[in-house]
1. Considering every residue within the stretch 98-106, establish whether at least one is under 28 Å from Trp21 (Cα atoms), surrounded by 13 or more Cβ atoms within 10 Å (Cβ to Cβ) and not β-branched (Val, Ile, Thr).
2. So which of Gly127, Gly41, Gly110, Gly115 is in a helix (DSSP H, G or I), closer than 24 Å to Thr27 by Cα and out of contact with any helix residue (DSSP H, G or I) (no Cβ under 8 Å at 6 or more places or on another chain)?
3. If Tyr99 meets every condition in (1) in a helix (DSSP H, G or I); (2) more than 13 Å from Ile30 (Cβ to Cβ); (3) among the aromatic types (Phe, Trp, Tyr) apart from one, which number is that one?
4. With the structure loaded, tell me whether Tyr59 is part of a helix (DSSP H, G or I), aromatic (Phe, Trp, Tyr), surrounded by fewer than 12 Cβ atoms within 10 Å (Cβ to Cβ) and without any contact (Cβ under 8 Å) to a residue 40 or more places away in the chain or whether it fails that test.
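Every number in this text was worked out from the coordinates using simple rules, so none of it is lab data. Quick caveat, the model's predicted, so the values are computed rather than measured. Please note: Cβ atoms are built from the backbone with ideal geometry, for glycine as well, and neighbour counts cover all protein chains shown.
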Amino acid sequence: MAEHAEPKARPLSPHLQIYRWPVTMGTSIIHRVTGFGLALGALLLAWWLVAAAVGPEAYANFQALAYTWFGRFVLFCFTLTLVFHALNGLRHLFWDLGYGFAVPTANRTGIIVYGATIVLTWIIWAGAYYAMGKI
């Protein structure tokens, strides 16, 4: 009777502890997630517009929720999502034109997108709070 050989141990895939994601991989995944987030945010915008069109009572209901800490958190996340998606989309536009494909350039522009997202979101929210007289 033939003896069965033990199967050879297969190599393990790199684990998150030892595998480092490239910047472009992170921006690609986040771009897809933010695209979905923008679709959900569009529902909030539609609610806001409908509430404004229906009348003061409906708008007051929307505003009451939007002014809670949770409402502001959701609006902040929507702003962050919108800014990231727009900046990364601009980066993709340059790629469509044939610029920025070199790995160092792609990594550098990815990091710029991350940083600019944080700075622009902060500027937008600081401007909004300033306009409301809270700063």
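1. Within the stretch 98-106, one or more residues are under 28 Å from Trp21 (Cα atoms), surrounded by 13 or more Cβ atoms within 10 Å (Cβ to Cβ) and not β-branched (Val, Ile, Thr).
2. One residue alone meets the criteria, Gly115.
3. In the conditions (1) in a helix (DSSP H, G or I); (2) more than 13 Å from Ile30 (Cβ to Cβ); (3) among the aromatic types (Phe, Trp, Tyr), Tyr99 misses (1) alone.
4. no
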